[in-house]
Amino acid sequence: MELLTTLVDKGLRGQAPTREEALAVLETSDDDLLDVVSAAGRVRREWFGRRVKLNYLVNLKSGLCPEDCSYCSQRLGSKADILTYTWLKPHEAAAAAEAGAKGGAKRVCLVASGRGPTDRDVERVVDTIEAIKERSPDVEICACLGLLSQRQAARLRTAGVHAYNHNLNTAESEYGKICTTHGFTDRVDTVRVAREAGLSACSGLIAGMGESDADLVDVVFALRELDVDSVPVNFLIPFTGTPLSQTWELTPQRCLRILAMARFVFPDVEVRLAGGREIHLRTLQPLALHIVNSIFLGDYLTSEGQPGRADLEMIEDAGFVVEDAETATLPGHRAGLVSPRRRGAGTDLAPNA
């Protein structure tokens, strides 16, 4: 296909496709699927070889969220049968993080439900980071705490946080359909605040919430405009007790096309296969490794994932290797983009988020 030849040529040079080309990837047929995966795989290998970065989630605080995000089992009014608890103690979180690191995880993602942290919450996270570093000094730490102020972002950076995750989730035009308690621009602002503080920006999407192909392209290009370093691609898990509980519109083939589109738009950026991969990709999960260069190991926030041992076996059987702590994930020309700014967070302090 001429389209794929063009996309590979651009990807090998670190260039993004046009919106029309990205949309055309999503419109390819199942007959062309393996060609699409192969083309995306060439781009992936150019920048990341056969390395797979492993990430591990630690849920610091579960449920009890005042936001009404339709996809989330922790949302306001959720009837989902999940564990709810307030903040884990630092030693409890450190033990969980250590288990993930021993399983091969290079990055630990510390997640807390809620609109955003108070300053006291941030200090709780700082104490947790200290406990984790004592037991697992080499592990990268990513925080995901909701909407963030400049002061809080600077504090996390000083405490040793490497990255901050805050997903855009869907296109701006669709955002009001999935959440009314905050807006798309709130999420964009938080990603920018994290970058200005010198944190690596991690932001992605959730596919399968009723969006169109054009919506998927819009959110991916919005992420590119923000110049994020890692892009988690989630596939909706329709939790019972949430407004999207009956939304089942993804196939394994469509998931692979979405991942391929993301890879072409982000040729030299970490693209992560995230929540929902087991139930939507099913037996085609190994094919996704030819597109993405990063996955979550084991369980997610409120749902069980594939056992960690099965993940490791899948990676080995597919001919890939786990990325070690000494290897830089991003190509050299991107590694220097994450550094403290001379001005930014902490200079013009904003009110707490």
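The values are calculated or read from the model by the stated rules, or taken from the named source; none is laboratory data. Keep in mind the model is a prediction, meaning the values are calculated, not measured. Cβ: placed from backbone, ideal geometry, glycine included. Neighbour counts: every protein chain shown.
Taken across the stretch 147-156, residues that are touching an Asp or Glu at 6+ places or on another chain (Cβ under 7 Å), part of a loop (DSSP other than H, G, I, E, B), of a type in the set (A, V, I, L, M) and closer than 25 Å to Ala274 by Cα do occur, with at least one present. Cβ separations smaller than 6 Å between residues 6+ apart or across chains give the following pairs from the stretch 202-224 residues that are among the polar types (S, T, N, Q) to residues that are outside any helix (DSSP H, G or I): Ser203/His166; Ser203/Asn167; Ser203/Leu168; Ser203/Val228. Note on the stretch 117-136: residues that are farther than 30 Å from Glu316 by Cβ and in a loop (DSSP other than H, G, I, E, B) total 2. Number of residues in the stretch 204-227 that are closer than 17 Å to Val269 by Cβ and in contact with a Lys or Arg (Cβ under 8 Å, 6 or more places away or on another chain): the value is 5.
Only one entry of Leu226, Leu205, Leu244 meets the criterion of being more than 19 Å from the chain's Cα centre (by Cα) and of a type in the set (A, V, I, L, M, F, W, C), and that entry is Leu244.
The condition of being of a type in the set (D, E, K, R), touching a residue at least 60 places away in the same chain (Cβ under 8 Å) and under 13 Å from Ala207 (Cα atoms) holds for only one of Arg257, Arg263, that being Arg257. You will find that of Leu26, Leu64, Leu83, Leu76, the residue that is over 20 Å from the mean Cα position of the chain (by Cα) and at pLDDT 95 or above is Leu26 and no other.
Give the residue, chosen from Ala105, Ala96, that is of a type in the set (Gly, Ala, Ser), touching a strand residue (DSSP E or B) at 6+ places or on another chain (Cβ under 7 Å) and not in a helix (DSSP H, G or I). Every option except Ala105 fails the conditions. Of all the residues in the stretch 125-149, those that are farther than 26 Å from Ala328 by Cβ and buried (at least 20 other Cβ atoms within 10 Å of the Cβ) number 2. If the condition is being among the basic types (Lys, Arg) and either over 19 Å from Arg151 (Cα atoms) or buried (at least 19 other Cβ atoms within 10 Å of the Cβ) (or both), then the stretch 87-123 contributes Lys89, Lys102, Lys106, Arg107. Exactly one residue out of Ser38, Ser62, Ser73 is touching a residue at least 60 places away in the same chain (Cβ under 8 Å) and in contact with a strand residue (DSSP E or B) (Cβ under 7 Å, 6 or more places away or on another chain), and it is Ser62. The set of residues from the stretch 3-26 being part of a helix (DSSP H, G or I), farther than 20 Å from Gly49 by Cα, in contact with a Phe, Trp or Tyr (Cβ under 7 Å, 6 or more places away or on another chain) and not hydrophobic (A, V, I, L, M, F, W, C) comprises just one member, Arg19. Candidates are the residues of the stretch 163-179 that are in a loop (DSSP other than H, G, I, E, B) and in contact (Cβ under 8 Å) with a residue 60 or more places away in the chain; the one that is nearest to Gly198 (Cα to Cα) is Asn167. So for the stretch 329-340 (the condition being among the hydroxyl-bearing types (Ser, Thr, Tyr), surrounded by 12 or more Cβ atoms within 10 Å (Cβ to Cβ) and at pLDDT 75 or above), does at least one residue qualify? Yes: the stretch 329-340 contains one or more residues that are among the hydroxyl-bearing types (Ser, Thr, Tyr), surrounded by 12 or more Cβ atoms within 10 Å (Cβ to Cβ) and at pLDDT 75 or above. Checked against the criterion of being of a type outside the set (Gly, Ala, Ser), modelled with pLDDT of 95 or more, closer than 24 Å to Lys61 by Cβ and buried (at least 20 other Cβ atoms within 10 Å of the Cβ), the stretch 296-316 has no qualifying residue. Checking each residue in the stretch 1-15 for being surrounded by fewer than 19 Cβ atoms within 10 Å (Cβ to Cβ) and within 22 Å of the chain's Cα centre (by Cα) picks out Gly14, Gln15. Here the condition is being among the small types (Gly, Ala, Ser) and not in a helix (DSSP H, G or I); of Gly41, Gly114, it holds for Gly114 alone.
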